[in-house]
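Take a look at the structure set out below.
What follows is calculated from the coordinates using simple rules that are stated; it is not laboratory data. Everything quoted here is computed from the prediction, not taken from an experiment. When we count neighbours, we look across all protein chains shown, and the Cβ atoms used for this are built from the backbone with ideal geometry, even at glycine.
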Amino acid sequence: MRDADIDGIAAQALAIRRLIRRVEAAPLMRMRLGRIARIGKDTPASGPVDRARGGGSDARTGDPTLKDLGFEMRVRNGGDALARLRLRCDEIAQSLDLIAAAGMIAVPQVPDVDRVSGEGEARIETPRGTASLRVKLANGKVVEADLDTPTDVNIALVETVTAQRELGDALSAVASLDLSPWEVRG
């Protein structure tokens, strides 16, 4: 899908929706994931992990363009691995709807910063949750940067979702957190 144009995405949308329905209807999936990795609302979490327990936030909610296209933050209840899977399926389906409503995909152009100096901050919703970037520029060069990622918050949940679990359940629980090894700070 990464390299697909709008027509390619539209052609695949039906197959993707069928796959989502099959995944959500699978009885073994419900039995397997519905019982594990429950995270309560009092535990810090980010992104889909947080929204799958009935709350949370989404950096896209303030975007006027997405709002005009019909974007609404998706939320599920349950706080378990099944709720997280279902929420991600909801978000995939909504993304297909947003692409269809937009009618085209345009790659943003990177502005030329030439010799600009100053500081800036940006927040963007990634598939794992909100990422925040703070940068300091001096003569067009980045001299300082600080990136906060959803994995920074959600990695603390590993012990919570794996404690006293059988190996298979523990592995499913960790996978349901959708942690990125590229976001883990060493």
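Quick notes on this structure:
- Tally of residues being under 15 Å from L87 (Cα atoms), surrounded by fewer than 16 Cβ atoms within 10 Å (Cβ to Cβ), of a type in the set (D, E, K, R) and touching a residue at least 24 places away in the same chain (Cβ under 8 Å) across the range 20-46: 2
- Residue ranges of helices (runs of 4 or more DSSP H) in the range 69-186 with at least 3 members farther than 27 Å from D3 by Cβ and β-branched (V, I, T): 158-162
- Residue that is surrounded by the most Cβ atoms within 10 Å (Cβ to Cβ), among those in the range 122-166 that are within 27 Å of D63 (Cβ to Cβ) and of a type in the set (G, A, S): G129
- Members of the range 167-186 that are surrounded by 17 or more Cβ atoms within 10 Å (Cβ to Cβ) and within 17 Å of the chain's Cα centre (by Cα): A173, V174, S176, L177, D178, L179, E183
- Only one of R115, R128, R134 that is touching a residue at least 60 places away in the same chain (Cβ under 8 Å) and of a type in the set (K, R): R128
- Looking at T65, T61, just one residue is β-branched (V, I, T), surrounded by fewer than 16 Cβ atoms within 10 Å (Cβ to Cβ) and closer than 25 Å to A4 by Cα, and that residue is T65.
- Lone unmet requirement of (1) part of a helix (DSSP H, G or I); (2) among the aliphatic types (A, V, I, L, M); (3) within 23 Å of V174 (Cβ to Cβ) for L66: (3)
- Cross-chain or 6+ apart pairs with Cβ under 6 Å, the range 55-71 first and farther than 14 Å from D97 by Cβ, then surrounded by 12 or more Cβ atoms within 10 Å (Cβ to Cβ): G56/D50; D58/M73; D58/E125; A59/R123; A59/E125; A59/T130; T61/M73
- Residues satisfying the stated conditions in the range 4-54, i.e. touching a helix residue (DSSP H, G or I) at 6+ places or on another chain (Cβ under 8 Å), aliphatic (A, V, I, L, M) and in a loop (DSSP other than H, G, I, E, B): A4, I36, A37, I39, A45, A52
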